[in-house]
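K.L.:
Dumping the structure here so I can ask a few things about it.
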Amino acid sequence: MPLSPEAALSRALLGVEAPCVAVSGGGDSMALLHVAATGAGLRRPLLAVTVDHGARPEAADEARMVADAAARLGIRHVTLQWAWDGRGNFQDAARRARRRLIAGAARAAGCDAVLLGHTEDDQAETLLLALARGSGVDGLSAMAPRRQAEGLVWLRPFLD
């Protein structure tokens with residue numbers, strides 16, 4: 001039987017003292033923000049982080065929507081800006097920038113982990129995109145529910 005979202009989050013947070021949550025404004029990350037706001041396993045208030053890539057006109061409005069939702073939930077929020085320099089692959093550059101910016105904000109706030117709202121659908125999408133790119137075996141590896149990067153633990157409590 002699948003775990004409830006609250007139980008999945010509590011399980012993911014074992015050993016974590018101070019998580020922040022990355023929130024894009026999509027349904028998955030907004031759901032994670034709301035579940036995290038219930039305090040499931042949290043020892044201190046969260047920080048919510050949104051990265052505005054400036055790639056779409058509605059991105060700033062989405063970041064404001066996340067900020068408003070976080071405020072209603074009593075969670076600190078920060079929107080970070082990133083602009084592509086036009087070099088290389090946009091998707092890869094944006095992914096790397098998101099990780100770097102979120103990690104910097106998390107560390108500055110004293111967080112030791114970042115919660116991500118990825119689900120099984122994201123896992124399948126990632127696999128299909130890798131196949132379409134012609135990735136080898138290494139490129140077809142699944143997203144990990146827990147990994148270390150940028151001096152933080154990155155958690156995907158809703159992955160399964």
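The values are calculated or read from the model by the stated rules, or taken from the named source; none is laboratory data. From a predicted model like this one, the values you see are computed outputs, not experimental measurements. Positions of Cβ are backbone-derived with ideal geometry, glycine not excepted, and every protein chain shown enters the neighbour counts. Quick note on the areas: whole protein, heavy atoms, side chains included, nothing else; ligands and nucleic acids left out. Shrake-Rupley method; radii C 1.70, N 1.55, O 1.52, S 1.80 Å.
K.L.:
Within the stretch 78-87, is there a residue that is modelled with pLDDT under 90 and under 20 Å from Q148 (Cα atoms)?
P.N.:
no
K.L.:
Say we look at the stretch 48-97 and pick out the residues that are open to solvent by 90 Å² or more (accessible area, probe 1.4 Å) and in contact with a strand residue (DSSP E or B) (Cβ under 7 Å, 6 or more places away or on another chain); which of these is farthest from A36 (Cα to Cα)?
P.N.:
So, considering only residues that are open to solvent by 90 Å² or more (accessible area, probe 1.4 Å) and in contact with a strand residue (DSSP E or B) (Cβ under 7 Å, 6 or more places away or on another chain), the one farthest from A36 (Cα to Cα) is Q81.
K.L.:
Answer yes if at least one residue in the stretch 15-25 is over 18 Å from the mean Cα position of the chain (by Cα), closer than 28 Å to R96 by Cβ and open to solvent by 10 Å² or more (accessible area, probe 1.4 Å), and no otherwise.
P.N.:
yes
K.L.:
Any residue in the stretch 82-102 that's farther than 28 Å from V153 by Cβ: show its pairings with residues that are open to solvent by 80 Å² or more (accessible area, probe 1.4 Å) and not in a loop (DSSP other than H, G, I, E, B) at Cβ separation under 6 Å, as long as the two are six or more apart or on different chains.
P.N.:
none
K.L.:
Let me ask something else about it. Take the conditions modelled with pLDDT under 90, within 20 Å of L152 (Cα to Cα) and more than 15 Å from the chain's Cα centre (by Cα) and apply them to L46. Does it pass?
P.N.:
Criteria not met by L46.
K.L.:
Looking at the structure I just gave you, is L42 at negative phi and without any contact (Cβ under 8 Å) to a residue 40 or more places away in the chain?
P.N.:
Criteria met by L42.
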